[in-house]
1. Would you be able to tell me the number of residues in the stretch 30-43 that are under 13 Å from Ile6 (Cα atoms) and crowded, with 16+ Cβ neighbours inside 10 Å?
2. Please verify whether Ile6 is assigned to a helix (DSSP H, G or I) and either hydrophobic (A, V, I, L, M, F, W, C) or in contact (Cβ under 8 Å) with a residue 40 or more places away in the chain (or both), treating the condition exactly as stated.
3. Every residue in the stretch 12-24 that is part of a strand (DSSP E or B) and near the ligand (Cβ under 8 Å from one of its atoms), please.
4. State yes or no: is Leu27 surrounded by 14 or more Cβ atoms within 10 Å (Cβ to Cβ), in a strand (DSSP E or B) and at pLDDT 90 or above?
5. Using beta carbons and a limit of 8 Å, which pairs, at least six apart or on different chains, have the first residue in the stretch 20-37 and free of Cβ contacts under 8 Å to residues at least 12 places away in the same chain and of a type in the set (A, V, I, L, M, F, W, C) and the second one outside any loop (DSSP other than H, G, I, E, B) and more than 8 Å from the ligand (Cβ to nearest atom)?
Amino acid sequence: MIDKEILDIVACPNCKKDLVLNMDKLLCKHCKKEYNIDGDIPILLD
Ligand SMILES: [Zn+2]
């Protein structure tokens, strides 16, 4: 499970906005991109 502290650190690589946890993925509400989480490491690739 991903740490809340990581959510404070990560930003969308596409638009640099905050990401939110959506099920087991990170979601950018701004551009609607989803990013996978590998273990507790967010995979922030375009
Ligand atoms: Zn974004």
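1. 2
2. On the way: assigned to a helix (DSSP H, G or I): yes; either hydrophobic (A, V, I, L, M, F, W, C) or in contact (Cβ under 8 Å) with a residue 40 or more places away in the chain (or both): yes.
Here the answer is yes, as Ile6 does meet what is asked.
3. Within the stretch 12-24, just Leu19 meets the criteria.
4. Values: surrounded by 14 or more Cβ atoms within 10 Å (Cβ to Cβ): yes; in a strand (DSSP E or B): yes; at pLDDT 90 or above: yes.
Yes; evaluated as a whole, the condition is true for this residue.
5. Listed by first residue and then by second, the contacts come to Leu27/Val20; Leu27/Leu21; Leu27/Glu34; Leu27/Tyr35.
The values are calculated or read from the model by the stated rules, or taken from the named source; none is laboratory data. Fair warning: this is a prediction, and the values are worked out from it, not measured in the lab. Neighbour counts are summed over all protein chains in view; Cβ atoms, including those assigned to glycine, are modelled from backbone coordinates with ideal geometry.
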